[in-house]
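Written out below as structure tokens is the structure these notes cover.
The values are calculated or read from the model by the stated rules, or taken from the named source; none is laboratory data. Given the structure is predicted, the values throughout are model-derived calculations rather than measurements. So basically every Cβ, Gly included, is an ideal-geometry build from the backbone, and we count neighbours across all protein chains shown.
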Amino acid sequence: MSLKAKLRQKFKVLVSEFSESQKNNENQVITDWVINYLKKNNLTKIGIYNSMPNEVSTIKIVDFCLNNAIEVFVPKMCPYYSLEFYQIFENSNWEQNNPYNIKEPKELTSKVDLNDLQIIIVPILGFDDKKNRLGRGKGYYDRTLVKLSNTIKIGLAFSCQKHQEVLPIEENDVPLDFIVTGKFTL
């Protein structure tokens, strides 16, 4: 088993052992940070993931955006482990027809050019002090992040997901601009 695979297992266990109370507390701090960042920077167009169980929840962030004239684009999985981002609305319909059972927009509305996004918010399985992220291993976000030039890249994670050493990285791994947890921000 590779080092990255071992680390993925380790972080999944750490998050599963993190109490619901800890997750809820950190979720609220992270949500507040992101909303304040959006307001402070007058952002109007974001890409954001639909959270799965044991990931930092993005529901309140999306609700805030939709209620404050911020365009929200969420990923849809495509062939060859790539992502396309489509705009959602309050009344968007969802489906879960992918291998990970992640909610995706059912009606594909306007697809965004990735470099038109002002920020992209991505999930993290593990991270280090150099703002490297470890994902689930298929490279969906790696293939997306490498295409971005001026888009701010923000990862959301629980504090227990921080690795004390530098993560093993490969040439297609892109460090993030910010990593936000409920205890600290890098």
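The helices (runs of 4 or more DSSP H) falling completely within region 1-89 that include 2 or more residues that are of a type in the set (Phe, Trp, Tyr) map to 20-40. Close Cβ contacts (under 7 Å, 6 or more residues apart or on different chains) running from residues in region 34-63 that are in contact (Cβ under 8 Å) with a residue 12 or more places away in the chain and among the acidic types (Asp, Glu) to residues that are buried (at least 19 other Cβ atoms within 10 Å of the Cβ) and not in a loop (DSSP other than H, G, I, E, B) comprise Glu55/Pro123.
Whenever a residue of region 143-161 is farther than 12 Å from Pro123 by Cβ and among the small types (Gly, Ala, Ser), its partners that are modelled with pLDDT of 95 or more and in a helix (DSSP H, G or I), lying with C-beta atoms within less than 9 angstrom and at least six residues away or across chains, give the pairs Ser159/Gln22; Ser159/Glu26. Residues that are closer than 12 Å to Gly155 by Cα and among the charged types (D, E, K, R) were ranked within region 118-144; the one that is surrounded by the most Cβ atoms within 10 Å (Cβ to Cβ) is Arg133.
For the residues Ile102, Ile88, the requirement of being modelled with pLDDT under 95, over 13 Å from the mean Cα position of the chain (by Cα) and farther than 15 Å from Leu145 by Cβ singles out Ile88. A count restricted to region 6-33 and to residues that are among the polar types (S, T, N, Q), free of Cβ contacts under 8 Å to residues at least 40 places away in the same chain and under 24 Å from Leu134 (Cβ atoms) stands at 5.
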